[in-house]
């Protein structure tokens, strides 16, 4: 799960991470009020969407840029009128852009130096890792490719956490001395506390800035949270903005289905992540393109299967459906009844290929054969992939 920058600022305030003052605004009037309350000589107004490249983006009304500096509350209001309610198109949003419904109105600070600081989960060591660099403001991937020597990596023991000597080591490597090292030690410790206490998988501050008056501030932040831990993080879960997510993925999450939309035209409905990956691969091998990853899990109900079909059919690019079920815990006959109910409820007219094997497989196949549905049965994964690709190409 991701959150907006203004929400990240709120978390920073909660955990004592030094950052410029700012407020969220949902209307031009609120933007003007926020700018007034800040009392700053220079104000930044930033569009809030889950995508990068906002500063260089263009709105659907022709207005350029999703990040602007201004000096007066009246200017902040004018900028809000140009941005709110319009789609911002960046290199990460695609041509349709993303609707801007919220702005961050914040104190703009002068910058003497830009740095990079992040804490992420390192899957190699199964432990948190701090990544820092003197090359703030840049994509860390570009720094890693062109100047890898400028990246600092510090592994953290999850049992004892980020230690003071480690924060000082990182600060020294970033060229922070004197009062800046003291500020850095406090800020890095607060960020690590934020990371652990909110079940993050990533906290990225880019840039971390040094101001001309020697303040160290987290200027922009990106948070990723562990979805599997949200049940114990109600405060974090409440920050979720479903309008920023693929509506199909939102619908799938409401039925505990694992769904990721892709750009193909053959939909997959599979139980088990490994089998789902293999199914996508074999569709590709047979000359087709998968439209999604969809894992209904090991104990799906008829209701979940019906929901899965509705989600699949909500994708207008889908031209055929492959159901590939191996019954272990799963009862194939339950899936078969779900397929029949879903197909009748949705008036399915697309080509449908079903492979059922395993627990209660014969009963499931009998249910499908007696359903009167126009579908094809398959005995193997290769057979299923060949049949659905041929059906889609022939349609």
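One line per residue, one yes/no per condition, for (1) in a strand (DSSP E or B); (2) assigned by TED's automatic domain parsing to the domain that holds residue 196:
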site: 85; (1), (2): no, no
site: 88; (1), (2): yes, no
site: 92; (1), (2): no, no
site: 135; (1), (2): no, yes
site: 142; (1), (2): no, yes
site: 145; (1), (2): no, yes
site: 149; (1), (2): no, yes
site: 154; (1), (2): yes, yes
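Tell me, please, whether a residue that is part of a loop (DSSP other than H, G, I, E, B), farther than 21 Å from residue 385 by Cα and either out of contact with any strand residue (DSSP E or B) (no Cβ under 8 Å at 6 or more places or on another chain) or not assigned by TED's automatic domain parsing to the domain that holds residue 384 (or both) can be found in the range 303-315.
Yes: one or more hits.
Only residues that are touching a strand residue (DSSP E or B) at 6+ places or on another chain (Cβ under 8 Å), touching a residue at least 24 places away in the same chain (Cβ under 8 Å), within 29 Å of residue 183 (Cβ to Cβ) and surrounded by fewer than 20 Cβ atoms within 10 Å (Cβ to Cβ): list them for the range 39-60, please.
Filtering the range 39-60 for residues touching a strand residue (DSSP E or B) at 6+ places or on another chain (Cβ under 8 Å) gives 40, 42-51, 54-55, 57-60.
Of the ones still in play, those that are also touching a residue at least 24 places away in the same chain (Cβ under 8 Å) are 40, 42-51, 54, 57-60.
Now narrow it down to the ones that are within 29 Å of residue 183 (Cβ to Cβ): 40, 42-46, 48, 54.
Across the range 39-60, the qualifying residues are 40, 42.
Do we find a residue being in contact with a helix residue (DSSP H, G or I) (Cβ under 8 Å, 6 or more places away or on another chain), surrounded by fewer than 21 Cβ atoms within 10 Å (Cβ to Cβ) and in a strand (DSSP E or B) anywhere in the range 328-335?
Taking every residue of the range 328-335 in turn, none turns out to be in contact with a helix residue (DSSP H, G or I) (Cβ under 8 Å, 6 or more places away or on another chain), surrounded by fewer than 21 Cβ atoms within 10 Å (Cβ to Cβ) and in a strand (DSSP E or B).
List the number of the failed condition for residue 348; all other conditions in (1) under 22 Å from residue 386 (Cα atoms); (2) out of contact with any helix residue (DSSP H, G or I) (no Cβ under 6 Å at 6 or more places or on another chain); (3) assigned to a helix (DSSP H, G or I) hold.
The number of the failed condition is (3).
Counting only residues that are surrounded by 19 or more Cβ atoms within 10 Å (Cβ to Cβ) and at pLDDT below 95, which one in the range 206-230 is farthest from residue 134 (Cα to Cα)?
Ranking the qualifying residues of the range 206-230, first place goes to 225.
So, in the range 212-234, of the ones that are closer than 20 Å to residue 49 by Cα and not in a loop (DSSP other than H, G, I, E, B), which residue ends up nearest to the chain's Cα centre (by Cα)?
Within the range 212-234, the match that is nearest to the chain's Cα centre (by Cα) is 224.
The values are calculated or read from the model by the stated rules, or taken from the named source; none is laboratory data. None of the values given here were measured: they were computed from a predicted structure. Please note: Cβ atoms are built from the backbone with ideal geometry, for glycine as well, and neighbour counts cover all protein chains shown.
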